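Peer 1: Have a look at this one.
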Amino acid sequence: MTVRTARGERQLTCDHLVLATGRRGVTSTTALLQGLGVPTELPDISVGVRLEMAVELLEAIGEEHPDLKVSQLDHAQKIKSFCFCGGPNGGRIKLTNYQDAFGDPVITLDGHETTERVRGIRALASNFGLLCQVQGRGNALEARDSFIATYRELAGGRPFTQSLRAFMDRTSDGAGWPQLEARMPFQPSVLDLTVGRVDKLFTDAEHAGLAAGFRRFMGSILTHTGRALTVEDILDDVLVVGPEMEFLWNRPAIDADCKVPGLPVYVVGDSAGIAQGIVQAAMMGIAAGRAIATTAGPALPVLADASRR
């Protein structure tokens, strides 16, 4: 194998190759595997938004259920929460920049729970993602390209926001970001957003699923706040930031040990296209490591990490 580093190219020989490139190496890993003739399966695409609100709304439920995950099935459409950032210190919205992996540059969202932020004049922010399976966009590749093309058209491929009320009603806010940001009872965690029609990212079926899913999910959460609040009471106090996407990459054929059939190559972590997250990646690494440890061979495995393109 040839490895390109800051010091130039190196020729290496190994008995086992573990591809643990993470999200940064998704496209290069897919290209490498396809070059080796490894079959890949189109992913199941989920799309959605991240909802940001005052920390007091998610504080109690976040302490009761850290990393709360809920899946709902509505008329055969799956709606689920993603990267729940609650608790007393809330969380920040993170930006995931895919550069030119899907054509022109595109940025999507993620959430990050926090523990050490200091409250200012306004309350801290908390957030969670809400995703639905794509509806009416063709196969997975067509769905991905359709969604990203709409995103570029609406916001140039950069995250944008809308009030929850406008999102639910599918209308414009009629105000710019400074005005909308100042209206919120909390301090938004991202300050360089623009205001736009986030609702237009979604087909009618997708939007209906997200709206209904939010009402059920948030209605249950509000019963834990100790305050007599309904979903209608908070429609003007929540930001809808978009977009969030899950499973953007192809899924290579691997066995229970994360090994590509017929090759001494293992694919673990996000680039395997099965699940996202540190815990999932660690378990896949353990599975691959155990398989390698039981295989006779004089050479140690070589780990291809995100710094080795």
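Peer 1: Identify all residues within segment 168-186 that are hydrophobic (A, V, I, L, M, F, W, C) and open to solvent by less than 40 Å² (accessible area, probe 1.4 Å); write none if there are none.
Peer 2: 168, 175, 177, 180, 184, 186
Peer 1: So residue 10 ticks every box in (1) in contact (Cβ under 8 Å) with a residue 60 or more places away in the chain; (2) surrounded by fewer than 19 Cβ atoms within 10 Å (Cβ to Cβ); (3) outside any loop (DSSP other than H, G, I, E, B); (4) in contact with a Ser or Thr (Cβ under 8 Å, 6 or more places away or on another chain) but one. Which box is left unticked?
Peer 2: Against the list (1) in contact (Cβ under 8 Å) with a residue 60 or more places away in the chain; (2) surrounded by fewer than 19 Cβ atoms within 10 Å (Cβ to Cβ); (3) outside any loop (DSSP other than H, G, I, E, B); (4) in contact with a Ser or Thr (Cβ under 8 Å, 6 or more places away or on another chain), residue 10 comes up short only on (1).
Peer 1: If only one of 24, 50 is open to solvent by 10 Å² or more (accessible area, probe 1.4 Å) and of a type in the set (Lys, Arg), which one is it?
Peer 2: 24
Peer 1: Restricting to segment 154-167, what's the tally of residues that are open to solvent by 30 Å² or more (accessible area, probe 1.4 Å) and under 14 Å from residue 238 (Cβ atoms)?
Peer 2: The number of residues fulfilling the criteria is 1.
Peer 1: Cβ-Cβ distance below 9 Å, separation of 6 or more or different chains: which pairs start in segment 85-102 with a residue that is closer than 17 Å to residue 56 by Cβ and end on one that is assigned to a strand (DSSP E or B) and among the hydroxyl-bearing types (Ser, Thr, Tyr)?
Peer 2: Between residues of segment 85-102 that are closer than 17 Å to residue 56 by Cβ and residues that are assigned to a strand (DSSP E or B) and among the hydroxyl-bearing types (Ser, Thr, Tyr), the close pairs are 85/126; 86/126; 87/126; 89/126; 90/126; 91/126.
Peer 1: Within segment 134-151, identify whether any single residue is in contact with a Gly (Cβ under 6 Å, 6 or more places away or on another chain), of a type outside the set (Ser, Thr, Tyr) and either without any contact (Cβ under 8 Å) to a residue 60 or more places away in the chain or closer than 30 Å to residue 222 by Cα (or both), and answer yes or no.
Peer 2: no
Peer 1: Determine, yes or no, whether residue 143 is open to solvent by less than 10 Å² (accessible area, probe 1.4 Å) and within 18 Å of the chain's Cα centre (by Cα).
Peer 2: yes
Peer 1: Output the number of the condition that residue 58 fails; it satisfies all remaining conditions of (1) open to solvent by 10 Å² or more (accessible area, probe 1.4 Å); (2) under 23 Å from residue 246 (Cβ atoms).
Peer 2: (1)
Peer 1: Another question, if that's okay. Can you find even one residue in segment 189-204 that is farther than 20 Å from residue 109 by Cβ and either in contact (Cβ under 8 Å) with a residue 60 or more places away in the chain or open to solvent by 30 Å² or more (accessible area, probe 1.4 Å) (or both)?
Peer 2: yes
Peer 1: Could you go through segment 238-254 and let me know if any residue there is in contact with a Pro (Cβ under 9 Å, 6 or more places away or on another chain) and of a type in the set (Val, Ile, Thr).
Peer 2: So far as segment 238-254 goes, yes, one or more of its residues are in contact with a Pro (Cβ under 9 Å, 6 or more places away or on another chain) and of a type in the set (Val, Ile, Thr).
Peer 1: Let me confirm something: among 205, 211, 166, which residue is within 20 Å of residue 132 (Cα to Cα), outside any loop (DSSP other than H, G, I, E, B) and modelled with pLDDT under 95?
Peer 2: 205 is the lone residue from the list that is within 20 Å of residue 132 (Cα to Cα), outside any loop (DSSP other than H, G, I, E, B) and modelled with pLDDT under 95.
Peer 1: A further question on this structure: The conditions are (1) in contact with an Asp or Glu (Cβ under 8 Å, 6 or more places away or on another chain); (2) assigned to a strand (DSSP E or B); (3) open to solvent by 20 Å² or more (accessible area, probe 1.4 Å); (4) not acidic (Asp, Glu), and residue 78 fails exactly one of them. Which is it?
Peer 2: Condition not satisfied by residue 78: (1).
Peer 1: Considering only residues that are open to solvent by 30 Å² or more (accessible area, probe 1.4 Å) and assigned to a loop (DSSP other than H, G, I, E, B), look in segment 66-75 and name the one that is modelled with the lowest pLDDT.
Peer 2: 75
Peer 1: Here are the criteria: (1) touching a residue at least 12 places away in the same chain (Cβ under 8 Å); (2) exposed (fewer than 15 other Cβ atoms within 10 Å of the Cβ); (3) in contact with a Lys or Arg (Cβ under 7 Å, 6 or more places away or on another chain). Tell me which single one residue 63 does not satisfy.
Peer 2: Just one mismatch for residue 63, condition (3).
Peer 1: Taking the condition of being free of Cβ contacts under 8 Å to residues at least 40 places away in the same chain, on the phi < 0 side of the Ramachandran plot and over 15 Å from the mean Cα position of the chain (by Cα), how many residues in segment 67-84 meet it?
Peer 2: 2
Peer 1: List the number of the failed condition for residue 249; all other conditions in (1) in contact with a strand residue (DSSP E or B) (Cβ under 7 Å, 6 or more places away or on another chain); (2) modelled with pLDDT under 90; (3) of a type in the set (Phe, Trp, Tyr) hold.
Peer 2: Every listed condition holds for residue 249 apart from (1).
Peer 1: Residue check: is residue 228 without any contact (Cβ under 8 Å) to a residue 12 or more places away in the chain and part of a loop (DSSP other than H, G, I, E, B)?
Peer 2: Considered against the rule, which asks whether it is without any contact (Cβ under 8 Å) to a residue 12 or more places away in the chain and part of a loop (DSSP other than H, G, I, E, B), residue 228 comes out as yes.
The values are calculated or read from the model by the stated rules, or taken from the named source; none is laboratory data. Since we're looking at a predicted model, the values are computed, not measured. Note: ideal-geometry Cβ built from the backbone for every residue, glycine included; neighbour counts use all protein chains shown. When the accessible area is computed, the model is the full protein with side chains, heavy atoms only, and any ligands, DNA or RNA have been set aside. Shrake-Rupley method; radii C 1.70, N 1.55, O 1.52, S 1.80 Å.
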